Amino acid sequence: MSQNVESIRCAERESHLKTYTEFELFELGSWLSKPVPTVIKYTEGLKNKTSSTIRILDLGCGVGRNAIAIAKTLKGYNVNIECIDLLDFAIEKLLLNANKFSVEDKIIGAVSSIEEYDIKPNQYDMIVAVSTLEHVASKELFVRVLENIKSGLTHNGIACLVINSEVTEKDKATGKPMAPQFEVNYKTEELFDVLDKAFGDCDLLEKRVVEQKYQIPRGELVSDLKTSVVTCVFKKQ
Ligand SMILES: C[S@@+](CC[C@H](N)C(=O)[O-])C[C@H]1O[C@@H](n2cnc3c(N)ncnc32)[C@H](O)[C@@H]1O
């Protein structure tokens, strides 16, 4: 692992530890307060599936903001949601949350990096990756992960991807630029090209960019972060 990736992961671990410790899932006050609406929209569509078990993979699941909401949406259905995250304390809290919201029969948690996780082909009705693919270790691995996601989908399977691009960070106190703590930081247009290439033979169901600003703890500092958040949803043919 390069020194840069190592130091980003260290900073990310600290900032996630703070958020996952200070805020409860689905409580107001942080980004954990509600799931991503696009994820829930496509989860609703899975209710029409005829397969006996609905299989879902949530890459970089955190404490289950989307996975637990998916499980709640599919209450009464036979569903298996595999959730992976790099951080042990995220998976621990995910499993506690699964119990808290009575969906523990639907959630499987594993500590793993996305790049090392063995995504088996033709397995999943939906693969979700929200604000996490930009943290794989390199652009080369990013492309490989996209290929694995596509291959992991069943026929008509859905990839629901939310990815930060063109991220800039500044020290809130001084306005001084800081290195963005993202292993992969594509220009937005370049990211669209990479996604087009990987999912070119899939149906594009949604494609949009939303400009966002927020503050994020970076060690002793607070960073003013600007990002172009790309949402793309693909359906495998
Ligand atoms: C911004 S959080 C988003 C969590 C969740 N997807 C959500 O929307 O609530 C990013 C998560 O991705 C995880 N993560 C970052 N890089 C990862 C990697 N290479 N492999 C697996 N998980 C990773 C982090 O530990 C963190 O929990």
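Of (1) crowded, with 21+ Cβ neighbours inside 10 Å; (2) in a helix (DSSP H, G or I); (3) over 16 Å from the mean Cα position of the chain (by Cα), Leu94 satisfies all except one. Which?
It fails just one condition, (3).
Can you spot a residue in the range 15-33 that is more than 19 Å from the chain's Cα centre (by Cα), surrounded by 14 or more Cβ atoms within 10 Å (Cβ to Cβ) and part of a loop (DSSP other than H, G, I, E, B)?
Scanning the range 15-33, I find no residue that is more than 19 Å from the chain's Cα centre (by Cα), surrounded by 14 or more Cβ atoms within 10 Å (Cβ to Cβ) and part of a loop (DSSP other than H, G, I, E, B), so the answer is no.
One line per residue, one yes/no per condition, for (1) within 17 Å of the chain's Cα centre (by Cα); (2) not charged (D, E, K, R):
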| position | (1), (2) |
| --- | --- |
| Ser138 | yes, yes |
| Cys160 | yes, yes |
| Thr168 | no, yes |
| Lys172 | no, no |
| Pro180 | no, yes |
| Asn185 | yes, yes |
| Leu191 | yes, yes |
| Leu221 | no, yes |
| Val230 | yes, yes |
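What strands (runs of 3 or more DSSP E), lying completely within the range 97-202, carry at least 1 residues that are within 27 Å of Thr50 (Cβ to Cβ) and without any contact (Cβ under 8 Å) to a residue 40 or more places away in the chain? Can you show your working first?
Details: elements: 107-111, 124-130, 153-171.
Correct list: 107-111.
Can you pull out every residue in the range 83-107 that is closer than 19 Å to Ile119 by Cα, near the ligand (Cβ under 10 Å from one of its atoms) and of a type in the set (A, V, I, L, M, F, W, C)?
Applying the first criterion (closer than 19 Å to Ile119 by Cα) to the range 83-107 yields 83-87, 91, 106-107.
Still in the list and also near the ligand (Cβ under 10 Å from one of its atoms): 83-87, 91.
Within the range 83-107, Cys83, Ile84, Leu86, Leu87, Ile91 qualify.
Only one of Lys139, Lys197 is in contact with a helix residue (DSSP H, G or I) (Cβ under 9 Å, 6 or more places away or on another chain) and within 14 Å of Cys232 (Cα to Cα); which?
Working: Lys139 fails: within 14 Å of Cys232 (Cα to Cα).
Residue meeting the stated conditions: Lys197.
Of everything in the range 108-155 that's surrounded by 22 or more Cβ atoms within 10 Å (Cβ to Cβ) and aromatic (Phe, Trp, Tyr), which residue is farthest from the ligand (Cβ to nearest atom)?
Tyr124
When the residues of the range 210-225 are filtered to those that are among the β-branched types (Val, Ile, Thr) and touching a residue at least 24 places away in the same chain (Cβ under 8 Å), which remaining residue is surrounded by the most Cβ atoms within 10 Å (Cβ to Cβ)? Please lay out each step first, then the result.
Of all residues in the range 210-225, those among the β-branched types (Val, Ile, Thr) come to 210, 216, 222.
Then drop every residue that is not touching a residue at least 24 places away in the same chain (Cβ under 8 Å), which leaves 216, 222.
Values: Ile216: 18, Val222: 14.
Checking each candidate, the answer is Ile216.
Take the conditions more than 11 Å from the ligand (Cβ to nearest atom) and at pLDDT below 95 and apply them to Gly29. Does it pass? Before you say what the answer is, go through the steps one by one.
Details: more than 11 Å from the ligand (Cβ to nearest atom): yes; at pLDDT below 95: yes.
The answer is yes for Gly29.
Identify, from the list Val63, Val39, the residue that is more than 12 Å from Ala90 (Cα to Cα), in contact with a helix residue (DSSP H, G or I) (Cβ under 8 Å, 6 or more places away or on another chain) and within 14 Å of the ligand (Cβ to nearest atom).
Testing whether each residue is more than 12 Å from Ala90 (Cα to Cα), in contact with a helix residue (DSSP H, G or I) (Cβ under 8 Å, 6 or more places away or on another chain) and within 14 Å of the ligand (Cβ to nearest atom) leaves just Val39.
I'm trying to understand the selection: among the residues of the range 184-219, which are of a type in the set (D, E, K, R), within 16 Å of the ligand (Cβ to nearest atom) and at pLDDT 95 or above? Don't jump to the end; show me each part of the working.
Quick first cut of the range 184-219, residues of a type in the set (D, E, K, R) only: 187, 189-190, 193, 196-197, 201, 203, 206-208, 211, 213, 218.
Then keep just the ones that are within 16 Å of the ligand (Cβ to nearest atom); that gives 213, 218.
Scanning the range 184-219 gives a single hit, Lys213.
Among the residues in the range 213-233, are any more than 29 Å from Cys10 (Cα to Cα) and in contact with a Phe, Trp or Tyr (Cβ under 6 Å, 6 or more places away or on another chain)? Reasoning before the result, please.
Initial filter on the range 213-233 (more than 29 Å from Cys10 (Cα to Cα)): 233.
Retained after the next criterion (residues that are in contact with a Phe, Trp or Tyr (Cβ under 6 Å, 6 or more places away or on another chain)): none.
Among the residues of the range 213-233, not one is more than 29 Å from Cys10 (Cα to Cα) and in contact with a Phe, Trp or Tyr (Cβ under 6 Å, 6 or more places away or on another chain), which makes the answer no.
Scan the range 43-90 residue by residue and report those that are in a helix (DSSP H, G or I) and crowded, with 22+ Cβ neighbours inside 10 Å.
Step one: filter the range 43-90 for residues in a helix (DSSP H, G or I), giving 43-48, 67-73, 88-90.
Result: Thr43, Ala67, Ile68, Ile70, Ala71, Ala90.
Could you give me the residue pairs with C-beta distances under 7 Å whose first residue belongs to the range 36-48 and is farther than 17 Å from Lys207 by Cβ, whose second residue is modelled with pLDDT of 95 or more and within 12 Å of the ligand (Cβ to nearest atom) wherever it lies, and which are 6+ apart or on separate chains?
Ile40/Ala69; Thr43/Ile70
The values are calculated or read from the model by the stated rules, or taken from the named source; none is laboratory data. Being a predicted model, the structure only gives us computed values, none of them experimental. In this analysis, Cβ positions are derived from the backbone assuming ideal geometry, glycine residues included, and neighbour counts consider all displayed protein chains.
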